[in-house]
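A short worksheet on the structure shown next.
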Amino acid sequence: MPSQRALGIAVIGTGKMGADHVRRLQHVISGARVTAVVDIDENRAKTLADASEGCTAYTEAAAAMAAQDVDAVLIASPGPAHEAALLDALGCDLPVLCEKPLTPDAASALRVLEAEQKLGHRRVQVGFMRRYDTEYIKLKRLLDSGELGRALMLHHRHRNLSMPPWFTNEMLINDSVVHEMDVTRWLLGQEITAVTVHKPAPTSHAPTGMDDPQFVLFETEFGALADVEIFGHCGYGYQVHAEAVCERGTVRIGDEPGPRLSADGRWGGRITPDYIERFDDAYDREVQAWVDATRRGEVTGPGVWDGYAAAAVCEAGVLSQREGRRVQVELTERPALYR
Ligand code: NAD
């Protein structure tokens, strides 16, 4: 692992997230540079590579991973493509930052878990970037300090202006609520043991076939409850709130940080349009932390166990969504590598 020269990163998948991570790595992050971009859309990869000095375009992830100037991999292809890229990277013993979800289902996540265990050391960080958001960090510190006593309940709200036309009912769980699955496990330090999905009468703005919004209830191993309002087409902006109800008080994050404007007999502020803007700082901190840890030869962020646990909760969530009943989460025993 190079400690002096900048880490050479291959970014796999150069769509909305991948292109934003390329920009971040080239212009915001220190200690790394993008040496390869990979996309099955050759033109997209070439356009990005042509705009970045010393960067080569590939259409095959394995070819980029074999290149001399690639020291680590950032996976930002769609979830179903993650398993193959992760197994290739682990086969080359390369450090990875994999956008969430680790993989789209528990069986494939388990295969990645097994591959990393076979390697014998952790190599993969999963892109659960809310763990790097300043407000979530403050909430986590407060809960861990014990100042408010034990956390009894979490209320999460996750609202989107609108969803792309190809977004499905299942993706509301697998791609959106997966963030609340991870932060619930992280904030409480508990596994989620059961999921129930409720569906109110949908908004008239939801596309045909999508139940939107949905209300998701998590039960956890030591008896806390967490609920999530997931709303794909709220129509006014991107909002993420969380409130912890504890024995000696409550704490809430995500209220718009300002600036708060007073004019014309009204007060108010602006709501961010999407996650790219709302979590911009968190993505920066996440990627910088990954680069720094990788240069030290460490993995410090959420790992494959967290990705697997979230995938298992997603699977239970999608079943509950489909069958309208409470579904228990099936988790394998946590291996020593992740304790
Ligand atoms: P996107 O559709 O905009 O881009 C995906 C890109 O990957 C496309 O350019 C596509 O051609 C390419 N691609 C597809 N299969 C590939 C393969 N096998 N190898 C290489 N490239 C391939 O998608 P996106 O919105 O950028 O999402 C990418 C990932 O980021 C997903 O895992 C998604 O869940 C995640 N994501 C994370 C957040 C977050 O807040 N952390 C937000 C949005 C998306």
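Residues are listed down the side, and each one gets a yes or a no for (1) within 15 Å of the ligand (Cβ to nearest atom); (2) farther than 27 Å from ALA224 by Cβ; (3) in a helix (DSSP H, G or I):
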| position | (1), (2), (3) |
| --- | --- |
| TRP267 | no, yes, no |
| ILE271 | no, yes, no |
| VAL291 | no, yes, yes |
| GLY297 | no, yes, no |
| GLY317 | no, no, yes |
(message) I need a count of the residues in the stretch 124-136 that are more than 10 Å from the chain's Cα centre (by Cα) and either under 26 Å from GLY79 (Cα atoms) or within 10 Å of the ligand (Cβ to nearest atom) (or both).
(response) 5
(request) Quick one: which residue in THR168, THR184, THR203, THR193 is in contact with a Leu (Cβ under 7 Å, 6 or more places away or on another chain) and either under 27 Å from SER77 (Cα atoms) or surrounded by 15 or more Cβ atoms within 10 Å (Cβ to Cβ) (or both)? (result) THR184
(request) Under 7 Å between Cβ atoms, at least 6 apart or on separate chains: pull out the pairs that start in the stretch 4-31 with a residue that is under 17 Å from ALA89 (Cβ atoms) and outside any strand (DSSP E or B) and end on any residue that is small (Gly, Ala, Ser) and away from the ligand (no atom under 16 Å from the Cβ). (result) LEU25/ALA32
(request) Please indicate, with yes or no, whether at least one residue in the stretch 87-99 is within 16 Å of ALA309 (Cα to Cα) and at pLDDT 95 or above. (result) yes
(request) Tell me, please, whether a residue that is within 15 Å of the ligand (Cβ to nearest atom) and within 19 Å of GLY297 (Cα to Cα) can be found in the stretch 40-57. (result) no
(request) Within the stretch 291-309, work out how many residues are within 18 Å of ILE137 (Cα to Cα) and under 14 Å from the mean Cα position of the chain (by Cα). (result) 4
(request) Would you check if there is a residue in the stretch 157-176 being farther than 21 Å from THR272 by Cβ, in contact (Cβ under 8 Å) with a residue 60 or more places away in the chain and basic (Lys, Arg)? (result) no
(request) Kindly indicate which of SER145, SER77 is of a type in the set (S, T, N, Q), crowded, with 16+ Cβ neighbours inside 10 Å and at pLDDT 95 or above. (result) SER77
(message) What pairs come out if I take residues in the stretch 128-139 that are closer than 13 Å to VAL287 by Cβ and pair them with residues that are in a helix (DSSP H, G or I) and of a type in the set (A, V, I, L, M) whose C-beta lies under 7 Å away, six or more apart or interchain?
(response) MET129/ALA282; TYR132/ALA282; TYR132/ALA289
(message) Every residue in the stretch 66-94 that is touching a Gly at 6+ places or on another chain (Cβ under 9 Å), more than 8 Å from the ligand (Cβ to nearest atom) and assigned to a loop (DSSP other than H, G, I, E, B), please.
(response) ALA67, GLN68, ASP69, VAL70, ASP71
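The values are calculated or read from the model by the stated rules, or taken from the named source; none is laboratory data. Since this is a predicted model, take the numbers as computed values, not measurements. Glycine also receives a Cβ, built like all others from the backbone with ideal geometry; neighbour counts cover every protein chain displayed.
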